[in-house]
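J.: One structure, pasted below without further comment.
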Amino acid sequence: MPDPLSINLAHLKASETVAISNETKRRKAAGEDVYDLSVGEPDFDTPAPIRQAAIDAIQKGMTRYPPNIGLSELRTAIARTLSLMSGGRAVNPDHMVVSSGSKQSLFNACFTLFGPGQRVLIPGPAWVSYPQIVHLSRAEPILVPGDIEWGLKVSVRDLDSAYSKSVKGLILCSPCNPTGAVYTLAELKAIAEWAHKHQVWIISDEIYRRINYGPGPAASMLDLPDELLERTVLIYGASKAYAMTGWRIGSALAPPHIARAMAALQSHTTTGANHPAQWAAVTAFSDERVDQDVTKMVAAFRRRRDLLVSRFRTEVPGVEFVEPHGAFYFFFRVDGIRDGVTGSTFCEELMQREGVALVPGAAFGDDRWVRMSYAVSDKELDAAVDRIIRVIRTLGAARAA
Ligand code: PMP
Ligand code: GLU
């Protein structure tokens, strides 16, 4: 009998998104005809100036330990980017900690703020890692189901019904993974006022902020007055908008005492983010040419979103979905296709019949749905959607028969 694992891992499940993507990559490498629309990873290469900046940093010997909280050049570049997206609002780079991906930033924030006996509200469906990270902090994640009539977003009424004295935090994600829904400024403000009233911390994960299909970037907590930010940690990262998933650069902006505690925590775990990657990210957040590349990538995501929405509306009009206003996910409902169909059975059937990988809604807390990442080439997307629609029709026809 092997020794039992530590109680620290009592709730731990490996990330489903990462596992499905690994399995699909394995099948592809083995020569199978598969399309991977599972993981949320841009199909674009990291823009050339960013890659060059990393090469230059390595050549210049920037290969030793980086400062624990991140290069000041990088924190300044991220702060400037956040400030520009919020109409020039002041953002202090000294209140920011750079980490090995926003996943580590989220972990630092939860581990710093929450602990045993405390609850953290998470609007659901929710990205796979939030409940796990809250569990690792020994706090209890509480999924608050979003409203179907409202793009699966939560309102203050929903939060009220989940509230108790032990609620210490709320993790918001807008634009949202897995639904693509985006909270308006008025909605964010109402939620921030609610949190302020109850002295609840908000961790606002805005990693997809730049991938927004309305005018400009999505609304942010940084668009709200200072007093609503007293208990806010804002997460922003390079992975998605800059096509830098493998570089592992993320950041958290927090009140100074929290930023200091997160830095101290990180000084005992990773020390800090990869040094050359930090220089690459300085270019990502400050080079005008990269900004143009990002604009082009966002335009491509929008085009694919339009294609998907129009194909689903015309070819399978009975299938309900959340109209995506940001990020690069399409969340559609499968339980109405035929009795007994769940996100998990649908994804299994789709992989077996047609070789397309999607993520069952179970991974996000609601198995009536399925998530598709459309961060793949237009050609792949079109071919994969042909296959998905074929399976929806076949299952639907079996019901009709
Ligand atoms: N937040 C959300 C909502 C995400 O989808 C992801 C994707 N991995 C992350 C955070 C973490 O991103 P990363 O660690 O690559 O910065
Ligand atoms: N966030 C992406 C996703 O949801 C990447 C994988 C992960 O880290 O979960 O697919």
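J.: What do you reckon, is Tyr213 under 18 Å from Ala79 (Cα atoms) and aromatic (Phe, Trp, Tyr)?
T.: no
J.: Looking at Ala126, Ala90, Ala79, Ala109, which one is part of a loop (DSSP other than H, G, I, E, B) and touching a strand residue (DSSP E or B) at 6+ places or on another chain (Cβ under 7 Å)?
T.: After applying the criteria, what remains is Ala126.
J.: Can you run down the residue pairs with Cβ atoms below 6 Å, 6 or more apart or on separate chains, where the first is in segment 84-111 and farther than 23 Å from Asp226 by Cβ and among the aromatic types (Phe, Trp, Tyr) and the partner is outside any helix (DSSP H, G or I) and more than 11 Å from ligand 1 (Cβ to nearest atom)?
T.: Phe111/Ser137
J.: Would you call Lys153 touching a Leu at 6+ places or on another chain (Cβ under 9 Å), away from ligand 2 (no atom under 16 Å from the Cβ) and not hydrophobic (A, V, I, L, M, F, W, C)?
T.: No: the conditions fail for Lys153.
J.: I'd like the residue in segment 223-239 that is closer than 21 Å to Gly180 by Cβ and aliphatic (A, V, I, L, M) and, out of all such residues, is farthest from ligand 2 (Cβ to nearest atom).
T.: This residue is Leu234.
J.: Can you tell me which of Arg338, Arg311, Arg305 is assigned to a loop (DSSP other than H, G, I, E, B) and surrounded by 15 or more Cβ atoms within 10 Å (Cβ to Cβ)?
T.: Just one listed residue meets the conditions, Arg338.
J.: Could you check segment 350-374 and list, in sequence order, the residues that are assigned to a helix (DSSP H, G or I) and small (Gly, Ala, Ser)?
T.: Within segment 350-374, Gly361, Ala362, Ala363 qualify.
J.: Within segment 246-286, can you find the residues that are away from ligand 1 (no atom under 16 Å from the Cβ) and within 17 Å of Asp56 (Cα to Cα)?
T.: Hits for segment 246-286 are His275, Pro276, Trp279, Val282, Thr283, Ser286.
J.: Of the conditions (1) of a type in the set (Gly, Ala, Ser); (2) over 16 Å from Ser86 (Cβ atoms); (3) at pLDDT below 95, Gly180 clears all except one; give me its number.
T.: It fails just one condition, (3).
J.: Based on this model, can you work out whether Ser99 counts as within 21 Å of the chain's Cα centre (by Cα), buried (at least 21 other Cβ atoms within 10 Å of the Cβ) and within 16 Å of ligand 2 (Cβ to nearest atom)?
T.: Answer is yes for this residue.
J.: In this structure, is Leu5 out of contact with any Asp or Glu (no Cβ under 7 Å at 6 or more places or on another chain) and either of a type outside the set (A, V, I, L, M, F, W, C) or within 16 Å of ligand 1 (Cβ to nearest atom) (or both)?
T.: no
J.: Here is a follow-up. List pairs: first in segment 342-369 and farther than 25 Å from Leu12 by Cα and touching a residue at least 24 places away in the same chain (Cβ under 8 Å), second assigned to a loop (DSSP other than H, G, I, E, B) and within 16 Å of ligand 1 (Cβ to nearest atom), Cβ under 7 Å, 6+ apart or cross-chain?
T.: Leu350/Leu358; Val356/Leu37
J.: I'm trying to understand the selection: among the residues of segment 8-21, which are within 12 Å of ligand 2 (Cβ to nearest atom) and surrounded by 14 or more Cβ atoms within 10 Å (Cβ to Cβ)?
T.: Across segment 8-21, the qualifying residues are Ser15, Glu16, Thr17, Ala19, Ile20, Ser21.
J.: Can I ask one more? What's the total number of residues in segment 24-55 that are assigned to a helix (DSSP H, G or I), loosely packed, with under 15 Cβ neighbours inside 10 Å and not aliphatic (A, V, I, L, M)?
T.: Going through segment 24-55 one residue at a time, the tally reaches 2.
J.: Would you say Pro116 is over 30 Å from Gln278 (Cβ atoms), under 13 Å from the mean Cα position of the chain (by Cα) and away from ligand 1 (no atom under 11 Å from the Cβ)?
T.: Spelling it out, it is not the case that Pro116 is over 30 Å from Gln278 (Cβ atoms), under 13 Å from the mean Cα position of the chain (by Cα) and away from ligand 1 (no atom under 11 Å from the Cβ).
J.: Every residue in segment 240-264 that is in a loop (DSSP other than H, G, I, E, B), touching a strand residue (DSSP E or B) at 6+ places or on another chain (Cβ under 7 Å) and within 16 Å of ligand 2 (Cβ to nearest atom), please.
T.: Matches in segment 240-264: Ile249 only.
The values are calculated or read from the model by the stated rules, or taken from the named source; none is laboratory data. Here the structure is a predicted model, which is why all the values come from computation and not from measurement. Cβ atoms come from the backbone with ideal geometry, glycine included; neighbour counts cover every protein chain shown.
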